[in-house]
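Participant: Let me give you the structure first, and then I'll get to my questions.
The values are calculated or read from the model by the stated rules, or taken from the named source; none is laboratory data. Model, not experiment: these values are computed from the prediction. Every residue, glycine as well, gets a Cβ built from its backbone with ideal geometry; the counts of neighbours run over all protein chains shown. Heavy atoms of the whole protein, side chains included, go into the accessibility calculation; ligands, DNA and RNA do not. Shrake-Rupley method; radii C 1.70, N 1.55, O 1.52, S 1.80 Å.
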Amino acid sequence: MIVPSYSYSPTGEKFKLPEPEEYLKEFDRLKEVVSKQKALGREIVVVMGLGFVGAVMAAVVADAQDGNGNPTKFVIGMQRPSIRSYWKTPLLNLGIPPVSSEDPEVPLMINRCVNEKKTLTATYTYDALKLADVVVVDVQCDYLKESLGNVREGQADMKALEESLEIIGQNISPETLVLIETTVAPGTTEQVAYPIIKKMLRKRGIESDPLLAHSFERVMPGKNYVASIRDFWRVCSGVNEEATRRVVKFLKEVINTEKYPLTVLDRPIESETAKIVENSFRATLLAFLDEWSLFAERNGVDLIKVINAIKVRPTHSNMIFPGPGIGGYCLPKDGGLGLWAYRHIHGFEDEIFKITPMAIDINDTRSLHVAQLTRDALRNMGRPIASAEVLVLGASYREDVGDTRYSGSELIVRRLTEMGAELRVHDPYVPHWWEFEKQDEYPVSSHSLKRFFRGQEKLKDLRVERDLQKALNGIDAVIFAVRHKYYLNLNPEEVVKMAGGPMAVIDCFGLLDDNKIKRYFELGCEVKGLGRGHVKRIKDQVRLKTQKVGLRTKD
Ligand SMILES: NC(=O)c1ccc[n+]([C@@H]2O[C@H](COP(=O)([O-])OP(=O)(O)OC[C@H]3O[C@@H](n4cnc5c(N)ncnc54)[C@H](O)[C@@H]3O)[C@@H](O)[C@H]2O)c1
């Protein structure tokens, strides 16, 4: 007897995976709806991969309309029916986004396109590709690191992408435009995708060249999620003249290129390189301040004030304090794809990359220093780190979003756990921290950062506390790890009262101004912060004042 398999959404809904006999029926459903949509003059677009990018890109395309307000595209979101991801298909077909978002436009747009305009559907069958005029590829291309803080020891994980490309080549018609949006190792479109698709077409007796193009996403899954896809500048390039003509036409029809003009580059490798350089530049900018942050801590300097003093110069206005490491899906991996491509796609042996890997390595390990600051602050209070109750405020990788991928907070939790502390976590945007709750299977067991630390088993039971009072009650240390708005206005009296007494306070992101730092010291707390060497001065002033008051009362 075959036991049916189920796929569970993050909120626990259970969906049975399709049985083999359901595939034909599903293809019939698609053929019927596509023939009606074609009769309405709409182009059929298959978006492959309904993740953070594909789900919202699919909705943006499905929402596109002509000057008279008539939809111009019909979109089929195609998600492979794996146990991990199948749930995205039935959920999207109900008009519910398969990604969480702080942008209210995401659920509105998906519901509108699925249930009102009826320009968006989702499917699990690869046969959908047979119906496509355009295929947009939004599957992942990960970079697997084999050690912590050494990106050189790693490799691009091309499996999902290469599989997708084969399937595309087996199914599309020769006139279909294939647009790769995935961030790839530079050279992939021409040297990996093109031969794979061409070979598949040849096997089917099709002699024409694949129409292949690349245009990377600059999506930010936060408050402006939709706008970051639709109302933002794009770069694109095709493998030949026809592919370039088609990709320009397509992007002009679905994205606001009037206000945000397209940049068309000569070759896909230039578009691919643009994405990797763009993100490596940002990663480098962030990593740059790490050494100055340590300098500041050891020499009585408040780096936050220093940065603000410098940023008044317009040439330096994008200087940015890195906080406890740089997370998100893209910045920690994209430079690695560049290094890997140089050797494994283009065949060079020498090491030309110095700054890009160094920046990634610094960013990947910066948060470990937070564990040291916590240890030292507790030591100054006469409390050992082992079995101390430590609360981390903020689980996501940046302020006011719920995305926890590769967040600095994850490493803080892992290192402190290794050092024997008991961890708690609070985040108003994150209901479940899957990197811990499902650390054996999410993102994939072999990717979990758990593998770089000891004693991590109990972290499966770590739950995000939504009630701040409960989270703070009885703690020995609190770590302000993310600049969520919610934490900016917390006053020291309230925090110490909720904790039930003084504790160690660690500021990772310049959340505390000098008055708050002073107040924490007055309340008997110990304060430390990334890049905040001046706290010692504030501490000495408070202690001196307390001593003077003590002497006066003795007199
Ligand atoms: N998330 C971001 O903020 C962001 C920003 C810019 C660029 N990007 C890039 O966009 C790409 C996609 O990122 P993401 O965040 O959406 O990834 P994701 O992991 O959330 O989504 C990828 C989806 O593709 C699906 N998939 C894999 N193989 C498939 C197949 N053969 N058929 C159908 N579906 C398949 C997966 O199941 C998953 O649902 C990556 O290259 C990423 O670097 C992401």
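Participant: Along the Cα→Cβ direction, 7 angstrom out, place labels at residue 491 and residue 376. What is the inter-label distance in nm?
Facilitator: Result for the modelled spin labels: 3.1 nm.
Participant: Let me ask something additional. Going by average Cβ density within 10 Å per residue, which order do the peptides 254-261, 134-141 take, highest to lowest?
Facilitator: Values: 254-261: 14.6, 134-141: 23.9.
The densest-packed peptide leads the list: 134-141, 254-261.
Participant: Quick one: pull the percentage of alpha-carbon pairs in the stretch 1-132 with a separation above 20 Å.
Facilitator: Numbers: 3726 of 8646 pairs.
Across the stretch 1-132, Cα pairs with separations above 20 Å total 43 percent.
Participant: Please list the non-local residues whose amide H lies under 5 Å from the amide H of residue 526, H modeled 1.01 Å from N, same-chain partners needing a gap of 5 or more.
Facilitator: 503, 504, 505
Participant: Still on this structure, I have one more. For the chain, which whole-number percentage of the solvent-accessible area (1.4 Å probe, protein heavy atoms only) is attributable to carbon and sulfur atoms? Working shown, then result.
Facilitator: On the way: 13200 of 24520 Å².
Here carbon and sulfur together make up 54 percent of the probe-accessible area.
Participant: Follow-up question, since we're still on this one. Per residue, how many Å² of accessible area does the stretch 247-377 show with a 1.4 Å probe? Please list the in-between numbers first.
Facilitator: Details: 6310 Å² over 131 residues.
Result: 48 Å² per residue.
Participant: What accessible area per residue, rounded to a whole number of Å², is obtained for the stretch 481-547 using a probe radius of 1.4 Å? Don't skip to the answer; put the middle values down first.
Facilitator: Working: 2920 Å² over 67 residues.
Ligands and nucleic acids excluded, the figure is 44 Å² per residue.
Participant: Can you list residues from other chains, or at least 5 along the same chain, whose modelled amide H is less than 5 Å from the amide H of residue 433?
Facilitator: Result for residue 433 returns 464.
Participant: Quick one: check the C-alpha center-to-center distance for the stretch 148-205 versus the stretch 505-555, whole angstrom.
Facilitator: Value for the Cα centre distance between the two parts: 57 Å.
Participant: Something else about it: Given the stretch 344-494 reduced to its alpha-carbon atoms as identical point scatterers, what log10 I(q)/I(0) does the Debye formula return at q = 0.09, 0.14 Å⁻¹?
Facilitator: -0.32, -0.71
Participant: If you don't mind, there's one more thing I want to ask. With point charges of +1 on the Cβ of Lys and Arg and -1 on the Cβ of Asp and Glu, referenced to the Cα centre of the chain, which listed residue (339, 395, 70) lies farthest in the positive direction of the dipole?
Facilitator: 395
Participant: Further, regarding this structure: How much accessible surface does residue 488 have with a 1.4 Å probe, in Å² rounded to 10?
Facilitator: Accessible area of residue 488: about 50 Å².
Participant: Can I ask one more? Where a ≥ b ≥ c are the square roots of the eigenvalues of the C-alpha gyration tensor, would you call the stretch 429-538 rounded, which needs a/c under 1.5, or, failing that, prolate if a/b is larger than b/c, or oblate?
Facilitator: Values: a/c = 2.34, a/b = 1.89, b/c = 1.24.
It comes out prolate by the Cα gyration axes.
Participant: Cross-link partners among lysines for residue 545, C-alpha distance below 16 Å, same-chain residues fewer than 8 apart left out?
Facilitator: Excluding near neighbours in sequence, the set is 518, 536, 554.
Participant: Over the stretch 125-192, what relative contact order in percent results from Cα pairs under 8 Å that are six or more residues apart?
Facilitator: Details: 77 pairs, mean separation 29.7, N = 68.
Relative contact order comes out at 44 percent.
Participant: Something else now. For the chain, what class follows from the C-alpha gyration tensor (a ≥ b ≥ c being the square roots of its eigenvalues): rounded when a/c is under 1.5, otherwise prolate if a/b is larger than b/c, else oblate? Please list the in-between numbers first.
Facilitator: Numbers: a/c = 2.20, a/b = 1.89, b/c = 1.16.
Prolate shape, in that a/c is at least 1.5 and a/b is the bigger ratio.
Participant: Just to verify a number: FRET efficiency for residue 175 and residue 466, C-beta to C-beta distance, R0 = 51 Å, to 0.05?
Facilitator: On the way: r = 52 Å, r/R0 = 1.02.
Rounded to the nearest 0.05, the efficiency is 0.50.
Participant: Could you name the lysines in cross-link range of residue 333, using Cα to Cα under 26 Å and dropping any fewer than eight places away on the same chain?
Facilitator: 88, 145, 159, 223, 275, 354, 438, 450, 460
Participant: OK, next. How would the stretch 54-210 be classified by its alpha-carbon gyration tensor: rounded, prolate or oblate, with rounded meaning a/c under 1.5 and the a/b versus b/c comparison settling the rest? List each step's numbers first, then the result.
Facilitator: Details: a/c = 2.01, a/b = 1.23, b/c = 1.63.
It is oblate, given that a/c is not under 1.5 and a/b is not larger than b/c.
Participant: Please sort 205-215, 17-27 by packing, taking for each peptide the average over its residues of neighbouring beta carbons within 10 angstrom, highest first.
Facilitator: Details: 205-215: 20.0, 17-27: 13.1.
Packing order, densest peptide first, comes out as 205-215, 17-27.
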